Amino acid sequence: MRFACFSICLAVSVAGCASKGGSAPQIARATATPDWRTIATEDDRGRLRNWRTAWMNGLRKAQATGHGQVLVREGVLLNPDAAVEWRDPPAGDYRCRVIKVGAKSQGMLDYVSYPPFMCRIRREGGLMSFAKMTGSQRPIGHFLPSGGQQRMVFLGTLQLGDEPRALQYGRDRERDMAGVVERIGENRWRLVLPYPHFESTIDVLELVPALNNIPRNS
């Protein structure tokens, strides 16, 4: 029941945030922050266990097809060991740049970098929600404590095209998303998605606060 409750709330709350931009329904405040291990599907637990393997495989594919220099230019963003001491990203709007590394199948590109889109982080009922607001592929979900000191876990779903709201997490394996969230600099975070179901071996989303969302003490 815990999984079902969370997945319903996840789909309703963050989809409402993405499609309408207003206040979203909240998970009951009386309950503790959910443990991601009790929520994640078996497939997603496997992807999270192998996040580093996915990362190294993606980098090898990109390097083998002549993208070595651009990988170096991205610096800490594509360095799997670049995480620094965790600090929660502030709620608000972000410039969200997506990089896909390592083709999933023959004929696809081993490195693709997209222009920044708008993303949004919100605090909802004690949870931190994330939504990519524009584009044809829009990850939507929650950042959850990982049990460690340097990262959080992302669980969510992929909203496509002109769909008005996201699917419930766990309903469609091909849409489920799982990743790790790390801080890689002052006011800079990344969401790393190992073995996504479409296109690439690993996706890296760079999260930088929009100008009006930078904390005053930065």
Anything in the range 129-166 that is under 21 Å from Pro89 (Cβ atoms) and either without any contact (Cβ under 8 Å) to a residue 12 or more places away in the chain or part of a loop (DSSP other than H, G, I, E, B) (or both)? List them, or say none. Met133, Thr134, Gly135, Ser146, Gly147, Gly148, Gln149, Gln150, Ala166
Which of the residues that make up the range 37-72 are touching a Phe, Trp or Tyr at 6+ places or on another chain (Cβ under 6 Å), closer than 16 Å to Lys104 by Cβ and in a helix (DSSP H, G or I)? Arg47, Ala54, Ala62
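Out of all the residues in the range 18-36, is one or more among the aliphatic types (A, V, I, L, M), assigned to a loop (DSSP other than H, G, I, E, B), open to solvent by less than 30 Å² (accessible area, probe 1.4 Å) and modelled with pLDDT under 95? Don't jump to the end; show me each part of the working.
So in the range 18-36, the residues among the aliphatic types (A, V, I, L, M) come out as 18, 24, 27-28, 30, 32.
Adding the requirement that they be assigned to a loop (DSSP other than H, G, I, E, B) leaves 24, 27-28, 30, 32.
Subset that is open to solvent by less than 30 Å² (accessible area, probe 1.4 Å): 24, 27.
Pick out the ones that are also modelled with pLDDT under 95 and you get 24, 27.
Yes, that holds for at least one residue.
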What are the pairs, 6+ residues apart or on separate chains, where a residue within the range 167-188 that is closer than 18 Å to Ala131 by Cβ and part of a strand (DSSP E or B) has its Cβ under 9 Å from a residue that is at pLDDT 90 or above and polar (S, T, N, Q)? Asp176/Thr41; Asp176/Thr157; Met177/Thr157; Ala178/Thr41
Exactly one of Phe143, Phe117 is touching a strand residue (DSSP E or B) at 6+ places or on another chain (Cβ under 7 Å), open to solvent by 20 Å² or more (accessible area, probe 1.4 Å) and either over 17 Å from Tyr195 (Cβ atoms) or at pLDDT 95 or above (or both), and that one is Phe117
Can you name every residue in the range 179-202 that is of a type in the set (Asp, Glu) and open to solvent by less than 10 Å² (accessible area, probe 1.4 Å)? Glu182
Which one of the conditions (1) among the acidic types (Asp, Glu); (2) at pLDDT below 90; (3) open to solvent by less than 20 Å² (accessible area, probe 1.4 Å) does Asp176 fail to meet, given that it meets all the rest? (2)
Taking the criterion of being under 15 Å from Leu207 (Cα atoms), touching a Cys at 6+ places or on another chain (Cβ under 8 Å), open to solvent by less than 70 Å² (accessible area, probe 1.4 Å) and not charged (D, E, K, R), would at least one residue in the range 85-107 satisfy it? yes
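The values are calculated or read from the model by the stated rules, or taken from the named source; none is laboratory data. As the structure is a prediction and not an experimental result, all values here were calculated from the model. All Cβ positions, even for glycine, are placed from backbone atoms using ideal geometry, and neighbour counts span all protein chains on display. All accessible areas refer to the heavy atoms of the entire protein, side chains included, with ligands and DNA or RNA removed. Shrake-Rupley method; radii C 1.70, N 1.55, O 1.52, S 1.80 Å.
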